[in-house]
Every structure is written in structure tokens, then in C-alpha cells.
1. So residue 39 clears everything in (1) closer than 29 Å to residue 382 by Cβ; (2) outside any helix (DSSP H, G or I) except one condition, right? Which one?
2. Quick check on my filter: what residues within the stretch 234-285 are out of contact with any strand residue (DSSP E or B) (no Cβ under 7 Å at 6 or more places or on another chain) and of a type in the set (S, T, N, Q)?
3. Quick one: would you say residue 361 is more than 22 Å from residue 227 (Cα to Cα) and at pLDDT 95 or above?
4. Which is of a type in the set (Val, Ile, Thr), buried (at least 17 other Cβ atoms within 10 Å of the Cβ) and away from the ligand (no atom under 13 Å from the Cβ), of 209, 233?
5. In the list 5, 37, which residue meets the criterion of being closer than 19 Å to residue 357 by Cβ and of a type in the set (Ser, Thr, Tyr)?
6. Return yes or no: is residue 342 surrounded by fewer than 17 Cβ atoms within 10 Å (Cβ to Cβ) and closer than 21 Å to residue 251 by Cα?
7. Which condition number does residue 140 fail, the rest of (1) surrounded by fewer than 22 Cβ atoms within 10 Å (Cβ to Cβ); (2) small (Gly, Ala, Ser); (3) under 23 Å from residue 388 (Cβ atoms) being met?
8. So which of 173, 162, 132 is surrounded by 23 or more Cβ atoms within 10 Å (Cβ to Cβ) and either closer than 23 Å to residue 63 by Cα or acidic (Asp, Glu) (or both)?
Amino acid sequence: MYEDTFCDNLDCFMKGLKKRNPHEPEFHQAVREVAETLFPYLDAHPKYREARILERMTEPDRIISFRVSWEDDAGNTRVNRAFRVQFNNAIGPYKGGLRFHPSVNLSILKFLGFEQTFKNSLTGLPMGGAKGGSNFNPKGKSDREIMRFCQSLMTELHQYIGENTDVPAGDIGVGAREISYLFGQYKRLRNEFTGTLTGKGLSFGGSLVRKEATGYGCVYFAENMLQHIGDSVKGKSVVISGSGNVAIYAAEKVIELGGKVLTLSDSGGYIHDPDGITEEKLEIVKQLKEVDRARISAYLDHVPSAQYHEGETPWSVPAELALPCATQNELHLEDAKKLVANGLLALAEGANMPTDADAVEYFIEHKIHFAPGKAANAGGVAVSGLEQSQNALRLSWSREEVDQKLQTIMIDIHKSCVKYGAGSDAYVNYVKGANIGGFIKVADAMLAYGVV
Ligand code: NDP
């Protein structure tokens, strides 16, 4: 099954990768997107090809797979599967979120861990790439069930992580509540209080602005992208998908910068508020989603003038800026066509790989300013990195200090994308820029280590 072939073209490389990793479409998709833009760069820089850096970077350092048994409120024994994919620690300890969702499988976690390696490198902080999670579905579970599941998962996971080894964080289905249960169990098992998880509560080592960081960072990136063409978020109509952590705080920053947020969604459908979601209305969304754990359709109970479109995604609503912030492959070619026909100017991915390959190609062909997740949503892991720094120093920075550092990091990522993605005309290919910018630092470290 394992075929170690020397390839100097993309087709041969992808054929080998698919053979070695069968039935993993999301992983193939993420690698192809990177390899497509990297191959010409490798042609021009043969030292990376000779050392087979891309072949090594597409093979995770290790994958840990384990059973999580736990007891539900009715006393039934339940069994889930969990993983930690430690992808690459060339430039720092592994770092990446944990996802709890019934769709979680190795293909999804490998795509996320691979992307994370490039994203973490782009932040300029010393963090390697990892991802983990479980096919556990937190929806409809009681707090005590969530607690028992998290404690059982950490009872196995704790031996593979640590502040200098691997530092997990949240992702879909893993928010403040889950991180607290996981950290509480880690602390108990290890008898140590270290920054081994990020996204912690403020009273036990968490960082200000971590909760907001991915959404805010995504909008800072969009603002940088628009300023690069002499424009800004101010006055723009904006469509956002999702209504979780990333979507809510992306909406908050758009509103603060003077943009008009028209939509939010969840897996049931989307709400369209033609008058715009204001700061006050967003507080309603926070209460619904963060406290009541309700569906987004409940927005209409508070804002009856809005519309709810069941089973649909928000991409047919005309807007100048789109921020997909829900999940992978939620925006397809037909959606891209509608968005472009309706006057889209720019798109920044708050989620990981929300835009499928055909849609990305269409946006780039039509010169839409398109920011891939590994650049646009790196603000979350960047502030997680800052949380680790504060934990190591045993101090807490102010909100302004963290937000300022986040803004600087997003500006630097944007510069890096422009440096490696600018073409002969004014258009910047951010996909190419982010892939090459993220690759170089990791690749140079791997070259320096020799054959490992
Ligand atoms: P949350 O769990 O807080 O929210 C996820 C949102 O996406 C919910 O509205 C959810 O709706 C929706 N969603 C999830 N799965 C699907 C699906 N299959 N179809 C339609 N809608 C879906 O997660 P986050 O906001 O933290 O994460 C969102 C995205 O951002 C993910 O791609 C994640 O990897 C990425 N990301 C997150 C970071 C973070 O700091 N949290 C950092 C960088 C990237 P429902 O409730 O109905 O399932």
C-alpha cells in the first residue's frame, strides 16, 4: 500500500498521497490546495525537493487513536472514538484544537492538522501543528454528561500532551465549558498547573480576547485586504455563515468597523436581517447561542422583521464581503457564482476550508480578494500562543495589549501573503502567498535538523 516514489510533478505526488491515505477526501483536498501552489516554488528551490520536505510534511509525526467510555445520565455505558494527530513540531510544541462533532474522522483531523502547521507558522510564533477530537456529539447532552465525557477523554489524552509537548485548544463543539472540564481533569491527573490547554477561563490562566480572537482576527485580515486596494470594511454589506464562536465575534468586529451584517446561520438554516444585525441584536444572538444553546431560528422570536430560510446557506444574499465561519466545504461553485454575480468584492475564511476547491478557483479566476483560512483565521491560535506566553510568565496582559498584539500579527500575516502571493498585476493570490509564507519557516527548520 505504501509507495515511496520520487515525484517532480503534482499528479504523481497526489497519486502517491491518495494511495497511502485512502478514503480521506478532506485530507487529499487540503494537501492538493497547498501542493498546487508549492510545486512551482519547489521547482525554483530544489533544496526542498531534494530533501523531500513536502513528502515529510504530509506524513503526520504520529497519530494517537483511543476509546472513550463514559456513562450517560440514565446509567448506560457509551463508547466514542477520539484521536490526536500530532502533525509537525519542527518550529515548536504541537498546537491545535479539539473538535467534538459526530462527523469527526481521521480524514477531517488530518486535513485540519496539516493546515494548522502552515497557519501556526504564519503567526510568527513558535508553534507546531496538531488537531484532535472525537465523534462525540455534545448537542442535547447534559452538563454532567459533557463533564464525564471530557474527564474520560483526558484520562487517556493527558499522557501525550504537556506545555512543552502539545497544547490543545477548542474548535467546533469545544468551547469554554469543555475546556474547563478538560483542564480540571488534566490538572488533577498530573498534579501540575501549567498552560497545557488554551481557551481557559480568565480566573484560571485564560487570556483576554481569546474568545473573540478568531472572529476579530478574520475581520482584521479582511480590513487589511481591503485597505491594500484602497478600501475598507466600513459601509460594506457582509454575509456571515455560522453562529458559533467564530461567527459571533466576526459579526461583532464588522459592526464595530461600520459594516452591515446581514446573515448568520447554523446547520438548520440561515437568518437574513435586511436592516442589519446591530450590536443590541448581536447580544440576543450571544444569549441564544452561548447561554441557551438554542437554534439560530429563535432570532425571529426577538426580531420578527428578519427572515429564516430553513435548510439553506446564506450565499444567495447580495453582499460585498463574505465571511464563511461554520465548517468545511460549506460554499460550493454554484454559491461562488451567485456571490460574484451579486457584486462580491472580498471573502475571508473564518472557518477551516469552508470553500471547496472549484469555488476557490472560480473566485481567483474572477479576481475576488480571497483569504484562505490558514491566513484569515490564524488570530485564534495566535492569541492561544499569547495565552501560553502569559502562563509561562505567570502574568496577564490587558485587553488592549492582547488586541494590539493580535492586530500586529494579522498585519504581518497579510504582509507575508502579499510578499509571496503578489503577481505582475495588482491582484494578490492569497492562497499562494499563505502556502509559501507558511511553508518556508517549517521547511527551513526541517532542513536544519537533517533527515528526521
Ligand atoms: P462552534 O462550535 O462554536 O460553531 C460552529 C458553527 O458552525 C455553529 O453555528 C454550527 O451550527 C455550524 N456548523 C457546524 N457544523 C456544521 C455543518 N456540518 N453544517 C452547517 N453548519 C455547521 O465552532 P467555531 O465557531 O469554534 O468553529 C467554526 C469554524 O472555525 C470551524 O471550521 C473551526 O475549525 C474554525 N476555527 C475555529 C477557531 C476557534 O478559535 N474556535 C480557530 C480557527 C478556526 P450547529 O450548532 O447547528 O451545528
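The values are calculated or read from the model by the stated rules, or taken from the named source; none is laboratory data. Keep in mind that this is a model prediction, so the values were computed, not measured. Cβ atoms come from the backbone with ideal geometry, glycine included; neighbour counts cover every protein chain shown.
1. The failed condition is (2).
2. 245, 267, 278
3. Working: more than 22 Å from residue 227 (Cα to Cα): yes; at pLDDT 95 or above: yes.
Yes, satisfied.
4. Working: 209 fails: away from the ligand (no atom under 13 Å from the Cβ).
Being of a type in the set (Val, Ile, Thr), buried (at least 17 other Cβ atoms within 10 Å of the Cβ) and away from the ligand (no atom under 13 Å from the Cβ) holds for just one of 209, 233, which is 233.
5. Working: 5 fails: closer than 19 Å to residue 357 by Cβ.
Sole residue among the options that is closer than 19 Å to residue 357 by Cβ and of a type in the set (Ser, Thr, Tyr): 37.
6. Criteria met by residue 342.
7. The single condition residue 140 does not satisfy is (3).
8. The match here is 132.
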